[in-house]
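Working notes for the structure below.
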Amino acid sequence: MNVNHSNNKITETACKITDEICLPDSDLPRIVIIGGGFAGLALVEKLKHQEVQVVLLDKNNFHQFQPLLYQVATSALEPDSIVFPFRKQINGYKNVFFRLAEVEEIQADSNTIMTNKGSVSYDYLVLATGTTTNFFGMDSVAKNSLGMKDIRDSLNIRHMMLQNLEQAAITCDDDERDALTNFVIVGGGPAGVEMAGALAEFCKYILPKDYPEYPSSIMNIYLIEAIDDLLSTMSDKASSKTLKYLEDLNVKVLLNEAVSNYDGNEVTTKSGKTILAKNLIWTAGVKGQFPKGIDKKHVVKDNRIKTGSFLMVEGSKNIFAIGDIAAVISKKTPKGHPQVAQTAIQQGKWLGNSLLKIIKNESPKPFEYKDKGSLATVGKRKAVADLGKMKFAGYFAWLLWSIVHLMSISGFRNKLMVGFNWAVSYFTYEKSNRLIIRNFKPTSSQTKESGQYES
Ligand SMILES: Cc1cc2nc3c(=O)[nH]c(=O)nc-3n(C[C@H](O)[C@H](O)[C@H](O)COP(=O)(O)OP(=O)(O)OC[C@H]3O[C@@H](n4cnc5c(N)ncnc54)[C@H](O)[C@@H]3O)c2cc1C
């Protein structure tokens, strides 16, 4: 590296003559982490203050708490309650450096990665790039619906919803009003179930106050699931309770129905059902996202990268994959581990300890996942919990869900803001301000990060 960082000053001329991203010179082994999600951040926490140089690269300058995206989408929380700047997270970590860059390619032969801002060399590389929405090749759905994978998606959903409710008050056309006030959520996993519950509560408690001109029956919420169960990875008790809670909230749950087409105005299912709706939220699947340079033979179902139980990408000695992107295939886990926050956190922590051992020429033990259980909430005050043999549902499950989520959010200020918002809404059923700050324009590029808003 030819950039001089003595006394922490970056020599300007050096930066101009190289395409490398400026980083301090160091004799320590350099570990480059791509992605600061649950996995990447857990790894950073293990490596802070250690005898290694850590470079964290992310295309955003913040960590996102995805389990609460649906609350931003439904105006229950403001976006800054569930995102946390990386630079604040690494304050005081002298061996950790954050660079805002999108990684485009891995050049394993030269231990280098190429980003949209320049190249970075590494001794060890960790892919923690997570997943993106999977529309399973259905172009019409990808074009016209909204996914819920990041904070921008949540804000898009919020603006789409508020604008469509306003437009419904303007139009005199009954069919158009129906389409504007019908919401279809696809996918009966935790994200879809939680979104449906939150929207149903919006309909029950906010709609009558904010839109007194509408009858409360105007907003219809459909939850469509392709198989015969909601929350299929949880127990039968959790699935049946969830169905009951949602039906009590007037959500129309369609099981064994798969969406086959969506033109932006009408949803069609494989069995031929149609629903008029200008709001379609897609939570039915994810697929791995990672830069070029990984051999296709190491990529398995849903675009995940196959690793062994040392989380090393097959065929390499210094490239690892953790979190949602990694499929740890073994006899015990032929499909890999579940793509949840716990897996990502446990793998990040495990890899931190293991890399420190590998650097000292010691052998780490294989990774073993400990299932700490699953929780999902359905509206306020109701949730389902599977904790080993203990399976319960109702108010206490919801209390547990609230505590677990509050404890898991990054940053004291964020915990405080979320806790305060929840406390207010617990007693008043009020949500934060429902402002249309930017004009969301439903176009055929809704799922792209840019271009959703008129400038
Ligand atoms: C709506 C929703 C609800 C969920 N609810 C729950 C829940 O209740 N409980 C639970 O356990 N799990 C839940 N999950 C799943 C959980 O959020 C994921 O399992 C977890 O986020 C995976 O962590 P990760 O670190 O692997 O990836 P992510 O958290 O997705 O982080 C990936 C990071 O990589 C960055 N990145 C990606 N590509 C690049 C690139 N090329 N260059 C630079 N940076 C890049 C991204 O910006 C991001 O910061 C939910 C997920 C969603 C979407």
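Here, each number is a calculation from the coordinates, and none is a lab measurement. Quantities reported herein were computed from a predicted structural model and do not represent experimental measurements. Heads up, the Cβs are rebuilt from the backbone with ideal geometry, glycines too, and the neighbour counts pull from every protein chain shown.
Which entries of Lys244/Lys301; Lys287/Lys382; Lys59/Lys306 have Cα-Cα distances beyond 27 Å here? Lys244/Lys301; Lys287/Lys382, as the Cα separations exceed 27 Å there.
Could the peptides 172-179, 248-255, 159-166, 122-129 be put in order, highest first, of the mean number of other beta-carbon atoms found within 10 Å of their residues?
Highest to lowest by the protection proxy: 122-129, 159-166, 248-255, 172-179.
Taken over the C-alpha atoms, the range 32-130 has Rg and Dmax values of 14.5, 48 angstrom. Using only side-chain charges placed at the Cβ, +1 for Lys and Arg and -1 for Asp and Glu, the dipole size of the range 164-244 relative to its Cα centre rounds to 480 debye.
The distance separating the Cα centre of the range 409-423 from that of the range 260-329 comes to 31 Å. Where only DSSP H runs of four or more residues are counted, the chain gives -9000 deg cm²/dmol as its mean residue ellipticity at 222 nm, each run worth -39500 (n - 2.57). Per-residue extension of 0.36 nm, minus the Cα-Cα distance of Asp80 and Glu51, leaves a gain of 7.1 nm for this segment. Residue separation of Asp25 and Asp295 scaled by 0.36 nm, minus their Cα-Cα distance, works out to 94.1 nm of gained length.
Compared with the dominant Cα axis of the chain, that is its longest principal axis, helix 190-201 is turned about 40°.
How high is the FRET efficiency from Lys370 to Lys331, r the C-beta distance, R0 22 Å, rounded to 0.05? List each step's numbers first, then the result.
Values: r = 18 Å, r/R0 = 0.81.
E(calc), rounded to 0.05, equals 0.75.
In this simple spin-label approximation, Asn256 and Asn303 carry label points 7 Å from Cα along the Cα→Cβ vector, and these lie 3.2 nm apart.
Peptides 343-350, 300-307 ranked from most to least packed, by the mean per-residue count of other Cβ atoms within 10 Å: 343-350, 300-307. Between Glu362 and Thr268, how many nm apart are label points set 7 Å from Cα along the C-beta direction? With each label point 7 Å from Cα toward Cβ, the separation is 6.2 nm. Fully extending the segment from Phe310 to Glu213 would add 28.9 nm, taking 0.36 nm per residue of separation and subtracting the current Cα-Cα distance.
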